[in-house]
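Okay, structure first, notes after.
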Amino acid sequence: QVQLVESGGGLVQAGGSLRLSCVASGSIFSVNAMGWYRQAPGKQRELVATITSGGSTMYVDSVKGRFTISRDNAKNTVYLQMNSLKPEDTAVYYCNANLRAVGAIRGAREYWGQGTQVTVSS
């Protein structure tokens, strides 16, 4: 019954900004780390940024200084603020959460969103 729902993707010109959001909903007991991945055409899925339940963050080198990950624990929501976008940022972006569902006998596991398209034009 757990679902991650993403929003905020779209088309933007180089140098522009977008903010992605992802809400984890359903019968959730607790949410641990959350993060964002992306997959460009013909490329492997790449980890972009992560944030722990305590607020510690990590970024892939290519987005440092441009992207900011944040979360609202009360809303089970993770955000990705993307500034100074480049054409090479074009990809499908996926949110991820390590969480424990209510009644899960094996504890926490990874859940994925459906992906949202981000296209940066030159």
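The values are calculated or read from the model by the stated rules, or taken from the named source; none is laboratory data. Remember, predicted model here, so these are calculated numbers, not experimental data. All Cβ positions, glycine included, derive from the backbone under ideal geometry; neighbour counts span all protein chains shown. We work out accessible area using only protein heavy atoms, side chains counted, and drop any ligands, DNA or RNA first. Shrake-Rupley method; radii C 1.70, N 1.55, O 1.52, S 1.80 Å.
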Just one of the numbered conditions (1) crowded, with 18+ Cβ neighbours inside 10 Å; (2) within 20 Å of LEU4 (Cβ to Cβ); (3) among the hydrophobic types (A, V, I, L, M, F, W, C) is not true of MET58; which one? (1)
Within the stretch 104-119, can one find any residue that is among the aromatic types (Phe, Trp, Tyr) and open to solvent by 60 Å² or more (accessible area, probe 1.4 Å)? yes
Could you pull out the residue among GLY9, GLY113, GLY16, GLY42 that is of a type outside the set (Val, Ile, Thr) and at positive phi? GLY42
Grab the strands (runs of 3 or more DSSP E) fully contained in the stretch 3-75, keeping just those with 2 or more residues being closer than 14 Å to LEU99 by Cβ and out of contact with any Gly (no Cβ under 8 Å at 6 or more places or on another chain). 18-25, 28-39
Considering (1) among the charged types (D, E, K, R); (2) under 16 Å from the mean Cα position of the chain (by Cα); (3) closer than 21 Å to GLN1 by Cβ, say which one ARG45 fails and leave the rest. (3)
Looking only at the stretch 61-87, how many residues end up being within 19 Å of GLN44 (Cα to Cα), over 15 Å from the mean Cα position of the chain (by Cα) and free of Cβ contacts under 8 Å to residues at least 40 places away in the same chain? 2
Residues of the stretch 77-103 being open to solvent by less than 10 Å² (accessible area, probe 1.4 Å) and under 14 Å from GLY10 (Cα atoms), in sequence order, are LEU80, MET82, LEU85, ASP89, ALA91, TYR93
Looking at (1) more than 13 Å from ARG19 (Cβ to Cβ); (2) surrounded by 14 or more Cβ atoms within 10 Å (Cβ to Cβ); (3) among the hydrophobic types (A, V, I, L, M, F, W, C), which is the only condition ALA74 fails? (2)
